[in-house]
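Heads up, the thing below is written out as structure tokens.
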Amino acid sequence: MKKNNAWRIYTESPLWKSKIVHLIVGGLLLLILSFSQACGFDTKSKETTVSAQKDNAPQKISSNTKPRTIVTTDGEIDDVDSFIRMLLYANEFRIEGLVISSSMWHYKGDGKGTLFTSEMEMTKKMYGAIPSLRWPGTEWMDPLIDAYDEVYPKLSQHAEGFPTAETLRSLVKVGNIDFEGEMEKDTDGSDFIKASLLDDNMEPLYLQVWGGTNTIARALKSIEDEYKDTKEWETVYKKVSDKAIVYAILDQDATYRKYIAPNWPDLKIFYNSNQFWCFAYPWKKAVPESQHYLFEGEFMGNEIINDHGPLLKQYYSYGDGQKQQGDDEHIHGDPDKLKDTQWGDFGQYDFISEGDSPAYLHLMDVGLDNLEHPEWGGWGGRLVRSEEQPNRWEDGEAAADYNPNTKKMDSTYPQIRWVEAIQEDFAARADWCIMDYENANHPPLVKAISQKRIDAKAGDTITIKIDATDPDGDELDINYWIYKEVGSYSKEAQITSNGQETVVALPKNQQGELHIIAAVKDNAEHPMTRYMRFVVKVE
């Protein structure tokens, strides 16, 4: 995400790993699962086949398989904070690479004093020709992974699937870092991405872009150089295009525009340029004032940063006394520089920024089914398919949701609507770093009893049921609501809820796709919320 001044560009112009007893019932349960996954829209209780996905839509992956991802990052202070939070969720996806890259805000230089002028107009105006820019080095992950190693025994009590620190260390690679947009040479990082794109695993590979796209671009260019003039090119091009999904937070160099888009037009791109702001430097402007407490020092300091172990103690916040080596513009930790800042007045331990976190929040399975349908919305926001570029999903006005606080359509609200649940979940996971299982909170378990894809006719009354339980025995609050901005159903449907069941009365003379969300929140100090989405196809 970026970067301190990037907001101005915008104003001017995306414990529960199932312990299924298939080890006991073996093949029988797998057959049942296979049968259920083959089914789709339903009228009453009989399942029918789900409509086929559109060509080039994100590929479906097995419900038992966590998404693969490689992170590219320039190491800015907000990347550090995004990285720390990501480590607390590292059991939710398969981290397959941690690649250090450059961006328009951070590059190392070539060590020869060569002057470089940015291709990005804003950085060019701010810095002119310089030999390096705010470079945090290539070892900033090391103390964070060491601290993760210390809290790993506690984290592992609460959920299966956390990678070991040794595994994470093996995944750290240095990519193209000499200058902004440098993609002329192969690096360990670009070679690693290249090998992953060419491997035989055809599950989607999510390439998170927290800085520039240059190391990814170099990997793709190396593939093109090797295969373009061979008989294998068509197959290789299709393989990479089918597999790769780039989730980018802004354009932080010119390599996507200049190389990736024109040379790999079939490669899928998720582009977040609006919705991430509520987790970025100008959060005070983006987040409703009623929710500012979730980002202020009393909550961040007491519930997350302090007394929660060595990993979270390294989380950057306002007035915390920390200073990132190599970045002279990191003054946020100075207690004497909290007033009249670029983004307003702040208190000690106030949130600074995690603008890149939506890239992996999108990968979390909290029950919203957004992974295969980014246009449906989830914890990583909501991205809609571009009408001009069918392999591009983006936010902006086309993805706006109605903001009940301002009573206007808001291009940031698809992310804001989940802020409270995300921040409380973060605080609950912070407790996992220091507490035993019986003393901490864990998310509810939500299963659909009704079919998740339902066929209905206008004027029908349908009943939707879930089975919600809590591993800690907490009471549960269940709320059914209609996500009106998603789908194609424009009239008001009447919902009457009774605990885990709700009755939906559909108006006559209205067709379309209706999205109903069951939100299940436990009653705990830091409540955790999980969901179930029902999609009703009304004819």
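Evaluated against (1) open to solvent by 50 Å² or more (accessible area, probe 1.4 Å); (2) more than 28 Å from the chain's Cα centre (by Cα); (3) at pLDDT below 95, residue 475 falls short on exactly one condition, (3). In the range 281-322, how many are at positive phi and open to solvent by 50 Å² or more (accessible area, probe 1.4 Å)? Result for the range 281-322: 2.
Flag: residue 119 matches the condition of being on the phi < 0 side of the Ramachandran plot, assigned to a loop (DSSP other than H, G, I, E, B), over 15 Å from the mean Cα position of the chain (by Cα) and modelled with pLDDT of 95 or more. Residue 210 meets each of the listed conditions (1) hydrophobic (A, V, I, L, M, F, W, C); (2) in contact with an Asp or Glu (Cβ under 7 Å, 6 or more places away or on another chain); (3) surrounded by fewer than 22 Cβ atoms within 10 Å (Cβ to Cβ) apart from (3).
Conditions tested, residue by residue: (1) of a type in the set (Ser, Thr, Tyr); (2) not in a helix (DSSP H, G or I).
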{"position": "276", "(1), (2)": "no, no"}
{"position": "284", "(1), (2)": "no, no"}
{"position": "290", "(1), (2)": "yes, no"}
{"position": "293", "(1), (2)": "yes, no"}
{"position": "300", "(1), (2)": "no, no"}
{"position": "303", "(1), (2)": "no, no"}
{"position": "320", "(1), (2)": "no, yes"}
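Within the range 115-132, being of a type in the set (Val, Ile, Thr) and open to solvent by 60 Å² or more (accessible area, probe 1.4 Å) holds for one residue alone: 117. For residue 153, are the conditions met, namely being over 24 Å from the mean Cα position of the chain (by Cα) and closer than 22 Å to residue 87 by Cβ? Taking the combined requirement at face value, the residue satisfies it. None of 274, 263 is at pLDDT below 95 and within 24 Å of residue 69 (Cβ to Cβ) except 274. Taking first residues from the range 58-80 that are modelled with pLDDT of 95 or more and in a strand (DSSP E or B) and partners that are surrounded by 23 or more Cβ atoms within 10 Å (Cβ to Cβ) and acidic (Asp, Glu), the Cβ contacts under 7 Å between residues at least 6 apart in sequence or on separate chains come to 73/79. As a summary of the residue check, residue 481 satisfies the conditions (1) aromatic (Phe, Trp, Tyr); (2) crowded, with 18+ Cβ neighbours inside 10 Å; (3) modelled with pLDDT of 95 or more except for the one numbered (2).
Residues that are open to solvent by less than 60 Å² (accessible area, probe 1.4 Å) and assigned to a loop (DSSP other than H, G, I, E, B) were ranked within the range 151-166; the one that is farthest from residue 137 (Cα to Cα) is 159. Of the residues making up the range 431-449, those that are surrounded by fewer than 20 Cβ atoms within 10 Å (Cβ to Cβ) and over 23 Å from residue 87 (Cα atoms) are 447, 448, 449.
With respect to the conditions (1) more than 29 Å from residue 271 (Cβ to Cβ); (2) open to solvent by 10 Å² or more (accessible area, probe 1.4 Å); (3) in contact with a Lys or Arg (Cβ under 8 Å, 6 or more places away or on another chain); (4) small (Gly, Ala, Ser), residue 333 falls short on a single one, namely (2). Scanning the range 465-509 for residues that are closer than 21 Å to residue 418 by Cα, of a type in the set (A, V, I, L, M, F, W, C) and part of a loop (DSSP other than H, G, I, E, B) returns a single hit, 486. In the range 450-464, what residues are among the polar types (S, T, N, Q), outside any strand (DSSP E or B) and surrounded by fewer than 21 Cβ atoms within 10 Å (Cβ to Cβ)? Matches in the range 450-464: 450 only.
The values are calculated or read from the model by the stated rules, or taken from the named source; none is laboratory data. All figures in this text were calculated on a predicted structure; none of them were measured in a lab. Cβ: placed from backbone, ideal geometry, glycine included. Neighbour counts: every protein chain shown. The accessibility values were calculated without ligands, DNA or RNA, using every heavy atom of the protein model including side chains. Shrake-Rupley method; radii C 1.70, N 1.55, O 1.52, S 1.80 Å.
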